[in-house]
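First the structure, in the form of structure tokens, and then the observations on it.
The values are calculated or read from the model by the stated rules, or taken from the named source; none is laboratory data. Bear in mind that the values here come from a model prediction, so they are computed numbers and not experimental data. For neighbour counting, all protein chains shown are included, and Cβ atoms are generated from backbone atoms with ideal geometry for every residue, glycine included. Side chains included, ligands, DNA and RNA excluded: accessible areas come from the protein's heavy atoms. Shrake-Rupley method; radii C 1.70, N 1.55, O 1.52, S 1.80 Å.
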Amino acid sequence: MRFFWKSTLALWLLGLPYCLEAQQTTIYTEANAAYKRGLDLYDRRLYGLAQKEFREAMELLRPVNEPEWTALKADAELHFAKCAVRMEHPEAEKLVFDILRGQAPSPEASQAALEIGNYYFDSRKYDQAIAYYDMAPKEAASSAVRDEIRFKQGYSYFVTKRFAQAKAAFAPLRENPRSTWYYAANYYSGSCAYLEGR
């Protein structure tokens, strides 16, 4: 009888890591599914529902520190904040600041700053847009995101009649003919020179 209990205990202890691994995989799978549902809802502009899915993904992944899980959690946090910005929630700025503080420099931090900067840009609140574009860690952003930030930052300076800063923001775009913003940057840079009397 003693042998039976010892062998049963040994088998149970040998199987325990597999049970724990299965549990962690299930958590990751559920969080990934919630994240994907959130992305689908976000793409359909159902921001309130998307935000619930992103929150579920973040809560499921809270206690883990695996690299791929951490990346999924960072993406869920970014999209959660983007939903808050799109729905004009009062806590949207705080969420973006948290991402900038906790994840800069990273692509997620650049996206967060761009998102709230674009919100103010589209609302024609150019001084606030400039503040967020200045905070965006451009070195971590893709070239397309970096160019968009530079152009919108330059345009915001242009509209607020800070022509020297506008030309400085447009300068890298004017040097890259393959940039989406090349022609617009040249136009506004020329307009700055004209308005300065040159």
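Here are the numbers for the structure shown:
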{"read-out": "Residue within the range 168-182 that is among the β-branched types (Val, Ile, Thr) and closer than 30 Å to Gly48 by Cβ present", "value": "no"}
{"read-out": "Matching residues in the range 114-125 - criterion: being part of a helix (DSSP H, G or I) and small (Gly, Ala, Ser)", "value": "Gly117"}
{"read-out": "Qualifying residue in the range 80-100 (condition: modelled with pLDDT under 85, under 15 Å from the mean Cα position of the chain (by Cα) and not in a helix (DSSP H, G or I))", "value": "no"}
{"read-out": "Contacts under 9 angstrom Cβ, first residue in the range 67-86 being open to solvent by 30 Å² or more (accessible area, probe 1.4 Å), partner not in a helix (DSSP H, G or I) and not polar (S, T, N, Q), 6 or more apart", "value": "Thr70/Leu61; Thr70/Val64; Lys73/Leu61; Lys73/Arg62; Lys73/Val64; Arg86/Arg45"}
{"read-out": "Any hit, the range 150-159, residues being surrounded by fewer than 21 Cβ atoms within 10 Å (Cβ to Cβ) and of a type in the set (Lys, Arg)", "value": "no"}
{"read-out": "Candidates Gln111, Gln128, Gln153, filtered to the one that is in a helix (DSSP H, G or I) and either among the basic types (Lys, Arg) or modelled with pLDDT of 90 or more (or both)", "value": "Gln153"}
